[in-house]
Amino acid sequence: MDQELTKLLEDAAAAFKAARNNQELQDAKAAYLGKKGRIGEQMARLKELPSNRRGSFGDSVNKVKTQLEEVFASRKAELDRIKLEEKIRAQKLDVTLPGLRFPVGRVHPLTRVWNEAVEIFMAMGFDVVEGPEIETEWYNFEALNLDADHPARDEQDSFYITGDTLLRTQTSPVQIRTMERVGKPPVQVIAPGRTFRRDAPDASHSPVFHQIEGLMVDKGITMGNLKAVLEEFNREMFGKDVRSRFRPDFFPFTEPSVEIAISCFICGAKGCPACKRTGWIEILGAGMMHPQVLRNGGFNPDEVSGFAFGIGIDRLALLKYGIDDIRLLYENDLRFLNQF
Amino acid sequence: MRVPVEWLKEYVDFDESTEEIAELLTMAGLEVGEISLERFGFENSYVCEVVACERHPARDEFFVLKVAADGMERIVLTNLRAYSPGEILPIAFEGYTFPDGSKLEPMKFGGVESNAKIMSEWDIEYSDNREVVLPLPETAKPGDRVPDALGMTLEVLVFELRANRGDCLCVLGVATELAAVLNRPLKKNVFDVSFEEKKRDVEFTVDIRDADLCSRYTGRLLQNIVITESTPLMKRRLTACGMRPINCIVDVTNYVMLEVGQPLHAFDLDTLENREIIVRRAAEGESIVTIDGADRALSTEMLVIADSSRPVAVAGVMGGLQTEITDATKNMLLESAFFNPRSIRRTASALDMRSEASMRFEKTIPLDDVAAASNYATWLIWKNGWGAPLSGMIDSFPAPKNPVSISVSGDKIRSLTSPDLTDDVIADALNRLNFSVKLEGGEISATAPSRRSDISIWQDLAEEAARIFGYERITSELPTVKIRRAVMMPNLYANRRLRELLFRANLSEAITFSFTRMEDLSKIWPENTPAAVPIRNPLTEDQTHLRPSIIPNMLNVVAHNRRNIGDAPIQLFELGRIFFNPSQPSEKDSLVIAVSGRSLRTPTESDYPLPQSCFYTLKGVVEQFLEGAADQKIEFKPVSVPAFHPHRCAEIIFGGHSVGVMGEIHPEVCSRFEIRDVVALAEIDPEHIKTLLDATPRYSRISRHPALQRDLSIIVDRDVPAETITDIIRRKGEDLLESARVFDVFTGAPIDGGKKSVSFSLIFRHPDRTLTDALVAPIIENVIEAIKIEVGGSLRDS
Ligand SMILES: [Zn+2]
């Protein structure tokens, strides 16, 4: 290779390496490899050479050109890499800044236990129904053996709307409505919903609260059935080791009537403030449907029997999540809601 | 209702602890809420030990004692005698209340200060002797409280009785239950009494005019009444049961009521005009001054006891002041009667006078024991020398009641309860409860004791048998049913699905009361305030109406949280019932979504933090929610709706149906709720959305060919809605346009004042081949041309 070519190769390589950015590299490329560049000039020299030397000179120029293209490509890659590194450096983030969050949708504790209870009963074959919140005295009281002078009416001080309509004090009116709608046995439903009593609010009372009514009517439904179904519910709701206690109670719409407590799952029935040191927590009322209630729903108590029960959803939520004041459920403080 | 254990022991023998008795009764249906210990005052009195005894430095006849109990030391002065260390004495401490009401206070005597006193018999009303030291039993130990050491503490069972067991509102009723539970006999028949009667020489008549309200009325005359205090036993038990001892006659009437459940009333016979009793409804305009001194107007539904000229008692509720027993009473009439429970309940609640008597009458007292209870009370008065009974009790019993007999097969009872209740188990339980029972070929015939007026149908027998057998012992058995799929009512199911979608749209659930007040409604809608269904008897002033909208409650929730969590984001929904049409109240579901506070989006660090629009956040949330609900077109049309910002409000149209409105709440409304931040809120009627839920999705083919993206920035008048331009793009974009979306809106220099620049991102794609610029370029030209013609827009930078 002649000296001129060798020099060109060295100069060009140096120029490429000296380029600090793509523009300089492109300029250098144009100066050497461009149409009017130094390699081009050498190619022009070709015509001036004797023909016997043209072949080898041409080979040399091409070789230099190829070599230069390689040098260029490697420098370009190098510059690209440097550029990317700079860019990445410039993109540095303060990773300690707070993460970008959308508020997560939280399920209200009442809805949580509501859904949980509904699932347990559906798995045992109970349909899920609902009824109106504005009720007539007939459905809310009279059809359930609670006539105007019944002493038990005292415990259910009601909000009245018009003459004989009121906000239902319990979900039990759905018992009658369901029997009327279904018309014949079997009836196996639960009716979750909102209920109202004229109670001044305190830590355990709220004028608005929620219940789940349950009802199973068929031939030969017994108290033994009632016990088994509600024991199953209590275990599913509060844990496998929870025991259920059944004792007599009084409700005008059931006969016999039952009060059901669960062994305290907080202290393992040893006694704690939650169970008032008794080891037991009263959780629901139930009983065998009173024959008059069956009749009021259009059923013949000589042919079928049934059990009914009522569960306070708010109370379930308070117990299950350790909430100590029912009013928190209706205040909707996000510091509260965000815990569920 | 309170029952002292010692009183129960007069009826039933038991060695079981009080706790065990309480548990047994509770499990049989008489719930014992608490076991209370009654010490009848005597607070601040302790059994003490003498620690030291010295003669008084100044007064020779006195001794100065140092006494101690449980680490408490006191100084006592006495002139009785010298005591040796180790002797045990009953000592009253500072604050002890003496029978005359005075309290023990520290005193100084001859330079020595004392702060306690040796107790005398008088100090505990044991006798009148103030000099004799109260004797302590040998079991007394230092530190014991004096009443405990003397066995003067009464254990009292406090019952929380159910409304049906009027027969158990007394010692006898509870004892009967206890005997049945323990399967032991009742020891005594309280009604088995006899006394001397003087011949009645005075005329006396009872006339029941309103027999529907008074099934039985008895009157016993007594002479030579001595008004004094009753016995310590009576006073103790009355006090333990929560009643105040008054005098021997009143105490007897109360004592008998507590023991057998029959309320009694004593009249001063000489104050009754014409010596007659008329049981009748009050006349129009009549009134009576009751023993509490209140002048009470009576209504014609109320039953009164009257003499020939005026009412002398509100029957079964409260006596009259003018005819009550006084210290001057010489002759008396003892009333024992049965009044209609409903009538008593209504009267007591109308007069707002719930008494121990009315509480028992309204739960039905045992009709058959009315006369027997009167005789028992008469016997108590006679035996104690407080009066002399005259012969011939007047017993007006217009309609005696037949005993209730029920026949039922054992099978029937078992079909309601459990196979555990064999015929023998049933018969045994009923026998123990004093039913008279006949068991013949599987048929059980039982006659209820007359005290049990709650028994009327065979199911009552089933309950009696089950509770004496023990609910706990009944075998649990899951019902056998044909398998069927449990279903949820469509509306409940829809609500559940909507909630899931709302949670997925990053909303938390709020649950508020169904109430509101007109003031809140008019804060939101000062004009055309919506009609709300009023509650006839609201509990508080802020809960006077049923909510016609969830918005007021939601704004209150936002305000509450703003006060508590600063400007942290609020994204809430409530799905619940609203109420409308006051003349014919109806209810339906409504949905409200609220968004407030800053949320942050930070593309680069230098933009941090960047406030994001409340309106568009809500809009995004609503869109996400609706998209989840169904594959339907979602449109937002500018509207002006009261309560909303007039220029930041849109009607929500879903699948061609208007389903609600959304927008920022008018700043004036916010300030009325004391919310300083921007609140965006959507009110949605969920009914139409519910009908669209859960459509089965159909797959549409995805092209495997690359997309071609073109961004267009259009300069246009500010008033032109972006959606209008998007519509033009979609129309002109033809089949190849896959989507067109706004990604930026810019106003300000260098854009002309009345204009804005809206940037769109257009994605083109061909289902079957790769697109080229050449194919897309003419489409874009068409789009730009149409924008120019239809809305006067032009391409930015061109
Ligand atoms: Zn516990």
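The values are calculated or read from the model by the stated rules, or taken from the named source; none is laboratory data. As the structure is a computational prediction, the values presented were derived from the model and not from experiment. Methodologically, a virtual Cβ is constructed for each residue, glycine included, from the backbone with ideal geometry; neighbour enumeration extends over all protein chains shown.
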Legend entry - Unmet criterion (only one of (1) surrounded by 16 or more Cβ atoms within 10 Å (Cβ to Cβ); (2) touching an Asp or Glu at 6+ places or on another chain (Cβ under 9 Å); (3) more than 12 Å from chain A (Cβ to nearest Cβ)) for B:F573: (3)
Inset, instruction - Give me a count of the residues in the range B:413-443 that are within 12 Å of chain A (Cβ to nearest Cβ), surrounded by fewer than 19 Cβ atoms within 10 Å (Cβ to Cβ) and of a type in the set (S, T, Y). - result: 1
Inset, instruction - Please verify whether the range A:210-229 includes one or more residues that are more than 11 Å from chain B (Cβ to nearest Cβ) and either within 16 Å of the ligand (Cβ to nearest atom) or of a type in the set (D, E) (or both). - result: yes
Legend entry - Selection from the range B:173-198 of residues that are loosely packed, with under 15 Cβ neighbours inside 10 Å, in contact with a Phe, Trp or Tyr (Cβ under 6 Å, 6 or more places away or on another chain) and farther than 30 Å from B:Q223 by Cβ: B:K187
Inset, instruction - State whether the residues of the range A:323-338 include one that is within 16 Å of the ligand (Cβ to nearest atom) and not in a strand (DSSP E or B). - result: yes
Inset, instruction - Check whether at least one residue in the range A:170-188 is at pLDDT 95 or above, part of a strand (DSSP E or B) and within 17 Å of A:G131 (Cα to Cα), and report yes or no. - result: yes
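From the list B:P490, B:P479, which one is surrounded by fewer than 21 Cβ atoms within 10 Å (Cβ to Cβ) and free of Cβ contacts under 8 Å to residues at least 24 places away in the same chain?
Numbers: B:P490 fails: free of Cβ contacts under 8 Å to residues at least 24 places away in the same chain.
Only one candidate qualifies: B:P479.
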Inset, instruction - Please work out which residue is farthest from the ligand (Cβ to nearest atom), limiting yourself to the range A:270-298 and to residues that are part of a loop (DSSP other than H, G, I, E, B) and surrounded by 19 or more Cβ atoms within 10 Å (Cβ to Cβ). - result: A:G297
Inset, instruction - Could you give me the residue pairs with C-beta distances under 7 Å whose first residue belongs to the range A:113-133 and is more than 7 Å from every other protein chain (Cβ to nearest Cβ), whose second residue is surrounded by fewer than 21 Cβ atoms within 10 Å (Cβ to Cβ) and in a helix (DSSP H, G or I) wherever it lies, and which are 6+ apart or on separate chains? - result: A:V113/A:K320; A:E116/A:M237; A:A117/A:M237; A:I120/A:E236; A:I120/A:M237; A:M124/A:E232; A:G131/A:R177
Inset, instruction - State whether the residues of the range B:639-660 include one that is in contact with a Phe, Trp or Tyr (Cβ under 8 Å, 6 or more places away or on another chain), among the aliphatic types (A, V, I, L, M), surrounded by fewer than 17 Cβ atoms within 10 Å (Cβ to Cβ) and not in a strand (DSSP E or B). - result: no
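So which of A:F250, A:F238 is more than 7 Å from chain B (Cβ to nearest Cβ) and among the aromatic types (F, W, Y)?
Values: A:F250 fails: more than 7 Å from chain B (Cβ to nearest Cβ).
Just a single option satisfies the conditions, and that option is A:F238.
Out of the range A:302-327, which residues are more than 17 Å from A:Q211 (Cβ to Cβ) and either crowded, with 18+ Cβ neighbours inside 10 Å or more than 11 Å from chain B (Cβ to nearest Cβ) (or both)? Can you show your working first?
Looking only at the range A:302-327, we keep the residues that are more than 17 Å from A:Q211 (Cβ to Cβ), and these are A:302-306, A:321-325, A:327.
If the condition is that a residue be more than 17 Å from A:Q211 (Cβ to Cβ) and either crowded, with 18+ Cβ neighbours inside 10 Å or more than 11 Å from chain B (Cβ to nearest Cβ) (or both), then A:V304, A:S305, A:G306, A:Y321, A:G322, A:I323, A:D324, A:D325 are the ones that fit.
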Inset, instruction - Looking for whichever is assigned to a helix (DSSP H, G or I) and either in contact with a Ser or Thr (Cβ under 8 Å, 6 or more places away or on another chain) or at pLDDT 90 or above (or both) here; the options are B:E43, B:E73, B:E20, B:E54. Which one fits? - result: B:E20
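So that you can scan it fast, the table gives a plain yes or no per residue for (1) more than 18 Å from B:S453 (Cα to Cα); (2) in contact with a Gly (Cβ under 9 Å, 6 or more places away or on another chain):
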site	(1), (2)
B:D148	yes, no
B:E155	yes, no
B:F159	yes, yes
B:R165	no, yes
B:C168	no, yes
B:V174	no, no
B:V181	yes, no
Legend entry - Residues (within 7 Å of chain A (Cβ to nearest Cβ) and under 18 Å from B:P538 (Cβ atoms)) located in the range B:503-527: B:T512, B:F513, B:S514
Inset, instruction - Find the residue count for the range B:444-486, including only residues that are at the interface with chain A (Cβ under 8 Å from one of its Cβ atoms), under 28 Å from B:E31 (Cβ atoms) and out of contact with any strand residue (DSSP E or B) (no Cβ under 9 Å at 6 or more places or on another chain). - result: 2
Legend entry - Top-ranked residue in the range A:254-269 [being within 12 Å of chain B (Cβ to nearest Cβ) and farther than 17 Å from B:T26 by Cβ; ranked as surrounded by the most Cβ atoms within 10 Å (Cβ to Cβ)]: A:T254
Inset, instruction - Please tell me if B:N537 is surrounded by fewer than 18 Cβ atoms within 10 Å (Cβ to Cβ) and facing chain A (nearest Cβ under 7 Å). - result: yes
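Looking at B:A357, B:A373, can you tell me which residue is part of a helix (DSSP H, G or I), under 27 Å from A:A148 (Cα atoms), assigned by TED's automatic domain parsing to the domain that holds B:L303 and under 36 Å from the mean Cα position of the chain (by Cα)? Walk me through how you get there before you give the answer.
On the way: B:A373 fails: under 27 Å from A:A148 (Cα atoms).
The unique qualifying residue is B:A357.
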Inset, instruction - Would you mind finding the one in B:V720, B:V783, B:V758, B:V716 that is in a loop (DSSP other than H, G, I, E, B) and modelled with pLDDT of 90 or more? - result: B:V720
